[in-house]
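What follows is a set of notes on a single structure, which appears directly below.
The values are calculated or read from the model by the stated rules, or taken from the named source; none is laboratory data. Every value quoted in this text rests on a predicted model; they were computed, and no experiment measured them. Please note: Cβ atoms are built from the backbone with ideal geometry, for glycine as well, and neighbour counts cover all protein chains shown.
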Amino acid sequence: MSIDIRVIAPDGTTWDANAEEIILPSSTGQLGILSGHAPLLTAIDIGVMRVRIGKNWTPIILMGGFAEIEDNKLTIVVNGIEETASINLDQAKYNLEIAVKKLNQADSNKEKIELSQEVRKARARVQALTTITLN
């Protein structure tokens, strides 16, 4: 059996698939979803969702939100979604370095909060690109 996945972002970006297994970046850690999973509503953190379709794993970058699983249907509403095809690994690593440097130089709490979000997003991009082959 498979799980129907639908990811929805405010900008209209959606991602639909049927998968055998999903690993979500929940706010309490990684959360595995298989067919027949109990109903669940959970917060999604900034991070990489991994989706197994057949024997292949696909990483999708999620920018925080919520997920609901019920009757083998997973609905994820997020602040943003990115696929790895549009990201260059060298540029992503460089952006992560810059974001970390800016965070370390931040003065106000507001700056630190905003820049820590940027670091988490940059780290998720690098992680998604460096863990593509989970086969």
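Out of the residues in the stretch 38-55 meeting the condition of being within 18 Å of residue 1 (Cβ to Cβ) and of a type outside the set (D, E, K, R), tell me which one is surrounded by the most Cβ atoms within 10 Å (Cβ to Cβ).
It comes out as 51.
Just checking, how many residues over the stretch 80-111 are surrounded by 14 or more Cβ atoms within 10 Å (Cβ to Cβ) and not hydrophobic (A, V, I, L, M, F, W, C)?
Within the stretch 80-111, residues that are surrounded by 14 or more Cβ atoms within 10 Å (Cβ to Cβ) and not hydrophobic (A, V, I, L, M, F, W, C) number 6.
Out of all the residues in the stretch 121-134, is one or more of a type in the set (S, T, N, Q), under 21 Å from residue 64 (Cα atoms), touching a Pro at 6+ places or on another chain (Cβ under 7 Å) and surrounded by 13 or more Cβ atoms within 10 Å (Cβ to Cβ)?
Within the stretch 121-134 (the criterion being of a type in the set (S, T, N, Q), under 21 Å from residue 64 (Cα atoms), touching a Pro at 6+ places or on another chain (Cβ under 7 Å) and surrounded by 13 or more Cβ atoms within 10 Å (Cβ to Cβ)), the answer is yes, since at least one residue qualifies.
Any residue in the stretch 105-114 that is over 28 Å from residue 2 (Cα atoms), under 18 Å from the mean Cα position of the chain (by Cα), free of Cβ contacts under 8 Å to residues at least 24 places away in the same chain and not in a loop (DSSP other than H, G, I, E, B)?
No: zero hits.
Give the residues of the stretch 1-37 that are among the small types (Gly, Ala, Ser), in contact with a strand residue (DSSP E or B) (Cβ under 8 Å, 6 or more places away or on another chain), part of a loop (DSSP other than H, G, I, E, B) and surrounded by fewer than 16 Cβ atoms within 10 Å (Cβ to Cβ), sorted by residue number.
2, 27, 35
Suppose we keep only residues that are out of contact with any Lys or Arg (no Cβ under 7 Å at 6 or more places or on another chain), in a strand (DSSP E or B) and not small (Gly, Ala, Ser) within the stretch 59-73. Which one would you say is nearest to residue 9 (Cα to Cα)?
Result: 62.
Considering only residues that are of a type in the set (Val, Ile, Thr) and part of a strand (DSSP E or B), look in the stretch 74-101 and name the one that is modelled with the lowest pLDDT.
Among them, the one singled out is 81.
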